[in-house]
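Working notes, structure below.
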There are 2 protein chains.
Amino acid sequence: MKLATLKDGSRDGQLVVVSKDLTSYVSAASIAANLQTALDNWAETSVKLQALSDELNNAQATNAQEFDQSQCMPPLPRSYQWADGSAYVNHVELVRKARGAELPDSFWTDPLMYQGGSDDFIGPREDIPLASDEWGVDFEAEIAVITDDVPMSSTPEDCKNHIKLLMLVNDCSLRGLIPGELAKGFGFFQSKPASAFSPVCITPDELGDAWDGEKVNLPLLSTLNGDAFGKPEAGVDMTFTFPKLVSHICKTRNVGAGSIIGSGTVSNKMNGGPGKPVSEGGVGYSCIAEIRMIETIENGEPSTPFMKFGDTIKIEMNDKNGQSIFGTIEQTMVKN
Amino acid sequence: MKLATLKDGSRDGQLVVVSKDLTSYVSAASIAANLQTALDNWAETSVKLQALSDELNNAQATNAQEFDQSQCMPPLPRSYQWADGSAYVNHVELVRKARGAELPDSFWTDPLMYQGGSDDFIGPREDIPLASDEWGVDFEAEIAVITDDVPMSSTPEDCKNHIKLLMLVNDCSLRGLIPGELAKGFGFFQSKPASAFSPVCITPDELGDAWDGEKVNLPLLSTLNGDAFGKPEAGVDMTFTFPKLVSHICKTRNVGAGSIIGSGTVSNKMNGGPGKPVSEGGVGYSCIAEIRMIETIENGEPSTPFMKFGDTIKIEMNDKNGQSIFGTIEQTMVKN
């Protein structure tokens, strides 16, 4: 099934079930007040939501209405956890190579993750508000999963069953603030403004064969200022699978229902090389920093600029028939 | 006023108003379902909660019941943000000195903060469950504030008015996991298990003169296995005040109501020296790592062990008359 959260003036919005083709929806208010409430009691609510979804997709739902992605809040407008991995180690290796640093061997066996801010996410069609566009503003296209309760010390195998929903993310980064912040040793803070999520989140079964229980085997599409920027395969070069990432976060603590765990920037290595832009026949990139790194490696300096006020970013994923799965993230950077 | 969250079988507990002397409480269910709901609409709910508090403290409340700290969940059993500062730079300097590293000058002007997990906090009288006691388990006694909504780019002066509640924290650390995790560059994750909070949170006015609008001018008391371990003055050597810490987290994003911002381990420098244990007439320490650092500086190696299964930690703060303000955090480390 597909779920979304519509704006209704409240902080947590109105939970709705959306049709597979994203054209219609029906309110789920009688089942749960909002998505967090549904996840708090997922064993029970998911059955009811699935029944409502079946009715909607079989054109049996009463009160079905036209679905408008621009009326969506993030599926979870705020959440109790947003933990983002760097599962595509190629991305990390490129960043390090650009500054002449080696990648420690452990990076291929021990997931790199950061704890992100989760108290005020941005909707899929909302502006990215920032006080300055001189901070090296970058988009980062990712996939994320939402879990139910995951007990401490759960193995990756255990964690497979705790992945309940999937969605897309734009995990914006302020590249200019990152070096100074990471040098302090405690990770990101000001360099990570609020993340945005796709209009719709889905249960894994909606992906059919494209979900293998561990990762999504489809390309993730990024369009910057109207030009195709990236279409890497999310199922390729994902060093750490989603169950592995979930297991990482529950090593020393219990994980609460509604936790969001991100894949990190989707990135393909492509035949051992650094990858090519879409315009040159490559799969391109899911963030600007990567192409700048490759430009630096090849030409000594980057030539693609970071985002400025007025720039737009679109992130989406289509199924094998070209049908949008999650709806589209479409954002414009604006001055706050 | 003083507020607490009682266990009622739900994830977010039952909000109650507690008497100043912590002996009685009255349900606030008619005002807000839980503390987060109250904070979501604080301008309105705080007035009603204050009226209820006045009734209770004037012995006019109907249905007042005996308050039992062991029935408390954390004031916010889960929250949308837990951001912890290192406001007592003396603590940071000591850690660095022990390993022979210099403290960058910027650490005295730019707050060091990390984003912590907030999806599953531990109650004030609940065990600290861990799979191993070989990870260098340490307590960290801190003070934290809870805010309402704080708009992006708010100044420290603006932020003063957004501090709505205060409480105590035990921000456990797994010292043995920290070096490897910080070396990866993205900050803490597995090295920070779930934090615990005091039974009661309070509005700043409850502190009287001890709250100067920026910090708490009272000693924070830590007792390890029954022995006084620390009593540093929380108002001394706090390089970054709470308004400054709140302003730090809203530089590039809006901050949502119910965000918890910690002071970091309370630590006093004491006449320029490294400080002394309570047993030697000093103010002692708010974590084990500090005394181990001082032992290392003085003797070449640490002699105080980290916590083992069965060890207990008690954290509290008394007013000038010796009356407990927040109730006590009392936890035992156990095998998960």
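Things to note:
- Between copies, B:Thr155 shows label-point distances of 5.8 nm, shortest first, with the point placed 7 angstrom from Cα along Cα to C-beta.
- Trypsin sites (Lys or Arg not before Pro), loop per DSSP, at most 12 other Cβ atoms within 10 Å - longest free stretch of chain B: B:100-307
- Pairs from the list A:Lys308/A:Lys335; A:Lys231/A:Lys308; A:Lys97/B:Lys192; B:Lys160/B:Lys251; B:Lys7/B:Lys314 with a Cα-Cα gap above 18 Å: A:Lys231/A:Lys308; A:Lys97/B:Lys192; B:Lys7/B:Lys314.
- Hull shadow area, averaged, the protein assembly as shown [alpha-carbon convex hull, nm²]: 29.3
- Teacher prompt: A:Lys97 distances to equivalent labels in other copies, 7 Å Cα→Cβ, nm: 4.5
- Angle between chain B longest axis and helix B:89-98 axis [Cα atoms, degrees, rounded to 10]: 30
- Heavy atoms of chains B and A lose about 4900 Å² of accessible surface on contact, summed over both sides with a 1.4 Å probe.
- Residue with peak Gaussian network fluctuation, chain A [Cα springs, cutoff 10 Å], from A:Gly300, A:Gly264, A:Gly176: A:Gly300
- Each stretch of four or more DSSP H residues adds -39500 (n - 2.57); spread over every residue of chain B, this sum gives -5500 deg cm²/dmol at 222 nm.
- Prolate/oblate/rounded label for the range A:112-161 (Cα gyration tensor, a/c 1.5): prolate
- With a simple spin-label model that places each label point 7 Å from the Cα along the Cα-to-Cβ direction, the separation between A:Ser30 and A:Glu55 comes to 0.5 nm.
- With an a/c value of 1.5 or above and a/b not larger than b/c for the gyration tensor axes a ≥ b ≥ c computed over the alpha-carbon atoms, the range B:158-299 is described as oblate.
- With its label point defined 7 Å out from Cα along the Cα-to-Cβ axis, B:Gly226 lies at 7.7 nm from the matching points of the other copies, in increasing order.
- B:Asp205-A:Thr37 FRET efficiency (beta carbon distance; Förster radius 41 Å; 0.05 resolution): 0.75
- Tensor-based shape of the range A:264-314 (alpha-carbon gyration tensor, a/c under 1.5 rounded, otherwise prolate or oblate): oblate
- Along each principal axis, Cα extent of the range B:1-46, largest first, Å: 27, 27, 14
- Each part reduced to its alpha carbon centroid, the range B:294-331 and the range A:107-122 end up 31 Å apart.
- Residues of the range A:293-312 with amide N under 19 Å of a point placed 7 Å along Cα→Cβ from A:Ser279: A:293-308, A:311-312
- Potential lengthening between B:Glu102 and B:Ser70 on full extension [0.36 nm per residue; Cα-Cα distance subtracted]: 7.2 nm
- The angle separating the long axis of helix A:42-57 from the principal Cα axis of greatest extent in chain A is about 80 degrees.
- Using the empirical formula 2.2 N^0.38 Å as the baseline, the Cα radius of gyration of chain A reaches a ratio of 0.96.
- Solvent-accessible area assigned to carbon and sulfur over the protein assembly as shown amounts to 46 percent, based on a 1.4 Å probe.
- Scanning chain A for the beta carbon that comes closest to the axis linking it by rotation to B yields A:Gly187, 1, distance in whole angstrom.
The values are calculated or read from the model by the stated rules, or taken from the named source; none is laboratory data. Quick caveat, the model's predicted, so the values are computed rather than measured. Cβ coordinates were reconstructed from backbone atoms using ideal geometry, including for glycine residues, and neighbour counts include every protein chain displayed. Each accessible area value is taken on the protein alone, full model and side chains, heavy atoms only, with ligands, DNA and RNA left out. Shrake-Rupley method; radii C 1.70, N 1.55, O 1.52, S 1.80 Å.
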